[in-house]
Amino acid sequence: MNDIQYRLPQKRALVTELPGPKSAALTARRRATVAAGVGSSVPVYAADADGGVVVDVDGNSLIDLGSGIAVTSVGASDPAVAEAVREQVGHFTHTCFMVTPYEGYVRVAEELAALTPGDHEKRTVLFNSGAEAVENAIKVARLATGRDAVVAFDHAYHGRTNLTMALTAKSMPYKAHFGPFAPEVYRLPMSYPYRDQDGLTGEQAAQRAISQMEKQIGADSLAAIIIEPIQGEGGFIVPAEGFLPTLVNWARANGVVFIADEVQTGFSRTGAWFACEHEEIVPDIITMAKGMAGGMPLSAITGRADLLDKVHPGGLGGTYGGNPVACAAALAAIDSMRKFDLPARAQHIGDLALPRLKALAADVGVIGDVRGRGAMLAMEFVKPGTDEPDAELTKAIAAHALEQGVILLTCGTYGNVIRLLPPLVISDDLLDDALTVIEQIVRSLV
């Protein structure tokens, strides 16, 4: 990435134990004021961030392999995004698009129509979070079809609102004790190549789900199928080839709206602008958030014009949806993605990392699967000689990585997956250093 100019030194450097004294003091203040239900993956507090590093309040420079959960793909302080935000704030921070509209919202909608899969006529609505986008995509599907039922999949994660918790599979920490949940949500088996005991092909796994939809719900009652093309919190599960296209074809034939939840996979993360492109599927509606605005809160649904335009005026929106500052950030972030060809950069990251992760798996005998696309990569840890999930080892690896200055995130239904989500602007040298740390830690713990 020789064409990227970094503001901070791109190196791992520890000047205190972690957490340092300033982070420890902030934790004490936090406990007195912040609700215990808000968790954090690491016990250090950020003071600065740029490229592939986060600098904490004690001056430690940490390698960031989390990107704020796939948000800061262009870096946490991309100069173009920062300048666009400064420029927009100098004019106005808010008018509410539903009251006094502005060009930035329209320009983002134009960009999304051009970038998302398919050459059909499209419409867009902007919101604040991924959960909002998902919830509104379901609203559109139900109104447009006149049907109620929605299908989601095992291991899915779609958000923390009441409806999106119903769509989400994992109970703890996302759903436990927060019910009752929205009705008419049905869960079906996912294609999970590592754990599909019958060795199902993608088409066979899809037919298994289709059979259950037809028998247990009925196509005439089904408004929408919603799925992450690569599941995120569920463990970075890449379905077997053919699974997604088979579902899309069935949905088309039965008037069911196919919603691709690309909140985590979108905007260059997997080596394409959207993960749907890897199997050339075209969703009826696509939900987006995270990486689209360089760290500013913005989400969207983009879909078939005939679906979204069925909603009556005033039926979609929100006070802050498509905030002008967030729109300015999104336009700048998309420009940076094009300028630096971040889809290609994500593929390059995968090309560098995957062979090393697979070689590590072959050496240590506790990594059951290495998977992912582009810069969305994962290792699933199991107990030696089995496919039994090893959540304790996974947790220990993440903790030891932090001690050595590498931020790692875990995920998975069984808590046994390490995920790698580096900023797409991370340098090769920094990525190499992080992978070396991971390799050394895993070998030392097994």
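Considering region 98-143 alone, what residues qualify as being within 21 Å of Ala333 (Cα to Cα) and part of a loop (DSSP other than H, G, I, E, B)? Result: Tyr102, Thr116, Pro117, Asn128, Ser129. Among the residues here, Val134 qualifies as within 13 Å of Ile301 (Cα to Cα), modelled with pLDDT of 95 or more and either crowded, with 24+ Cβ neighbours inside 10 Å or among the basic types (Lys, Arg) (or both). Residue selection: Lys358 fails the criterion of being modelled with pLDDT of 95 or more, outside any helix (DSSP H, G or I) and of a type in the set (D, E, K, R). Among the residues examined, Ala156 qualifies as in the same structural domain as Gln264 (by TED's automatic domain parsing), under 23 Å from the mean Cα position of the chain (by Cα) and surrounded by 24 or more Cβ atoms within 10 Å (Cβ to Cβ). Looking at Val74, is it in a strand (DSSP E or B), buried (at least 16 other Cβ atoms within 10 Å of the Cβ) and either hydroxyl-bearing (Ser, Thr, Tyr) or under 27 Å from the mean Cα position of the chain (by Cα) (or both)? When the stated conditions are applied, Val74 does not pass them.
Okay, residues lined up against (1) within 21 Å of the chain's Cα centre (by Cα); (2) assigned to a helix (DSSP H, G or I); (3) touching a residue at least 40 places away in the same chain (Cβ under 8 Å); (4) surrounded by fewer than 20 Cβ atoms within 10 Å (Cβ to Cβ):
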site	(1), (2), (3), (4)
Gly385	no, no, no, yes
Ile397	no, yes, yes, no
Leu402	no, yes, yes, yes
Pro422	yes, no, yes, no
Ile426	yes, no, yes, no
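When you check Gly118 against the structure, is it outside the structural domain of Tyr414 (by TED's automatic domain parsing) and within 26 Å of Gly68 (Cβ to Cβ), yes or no? Criteria not met by Gly118. Against the definition (assigned to a loop (DSSP other than H, G, I, E, B), among the β-branched types (Val, Ile, Thr) and not assigned by TED's automatic domain parsing to the domain that holds Pro193), how does Ile418 come out, yes or no? Against the criterion (assigned to a loop (DSSP other than H, G, I, E, B), among the β-branched types (Val, Ile, Thr) and not assigned by TED's automatic domain parsing to the domain that holds Pro193), Ile418 does not qualify.
Surrounded by 24 or more Cβ atoms within 10 Å (Cβ to Cβ), within 18 Å of the chain's Cα centre (by Cα), closer than 18 Å to Val248 by Cα and in contact (Cβ under 8 Å) with a residue 40 or more places away in the chain - does that describe any residue in region 302-323? Yes: one or more hits.
Filtering region 1-53 to residues that are in a helix (DSSP H, G or I) and among the aliphatic types (A, V, I, L, M) leaves Ala24, Ala25, Leu26, Ala28, Ala32.
Filter region 340-371 down to the residues that are closer than 25 Å to Leu298 by Cα and touching a helix residue (DSSP H, G or I) at 6+ places or on another chain (Cβ under 8 Å) and list them by number. Leu342, Pro343 - these are the residues of region 340-371 that are closer than 25 Å to Leu298 by Cα and touching a helix residue (DSSP H, G or I) at 6+ places or on another chain (Cβ under 8 Å).
Each residue in region 171-213 was checked for being in contact with an Asp or Glu (Cβ under 7 Å, 6 or more places away or on another chain) and farther than 22 Å from Thr246 by Cα, and 1 pass. The residue list Leu377, Leu352 contains one member that is assigned to a helix (DSSP H, G or I) and not charged (D, E, K, R), which is Leu352. For region 23-33, the count of residues that are closer than 12 Å to Asn60 by Cβ, at pLDDT 95 or above and either surrounded by 15 or more Cβ atoms within 10 Å (Cβ to Cβ) or over 28 Å from the mean Cα position of the chain (by Cα) (or both) is at least one. Residues of region 81-97 that are under 17 Å from Asp335 (Cβ atoms) and surrounded by 18 or more Cβ atoms within 10 Å (Cβ to Cβ): Val81, Ala84, Val85, Gln88. The residue that is nearest to His348 (Cα to Cα), among those in region 270-310 that are of a type in the set (D, E, K, R), out of contact with any Gly (no Cβ under 6 Å at 6 or more places or on another chain) and part of a loop (DSSP other than H, G, I, E, B), is Glu280.
The values are calculated or read from the model by the stated rules, or taken from the named source; none is laboratory data. All of these numbers come straight from a predicted model, not from anything done at the bench. Don't worry about glycine lacking a Cβ; one is built from the backbone with ideal geometry, like all the others, and counts go over all protein chains shown.
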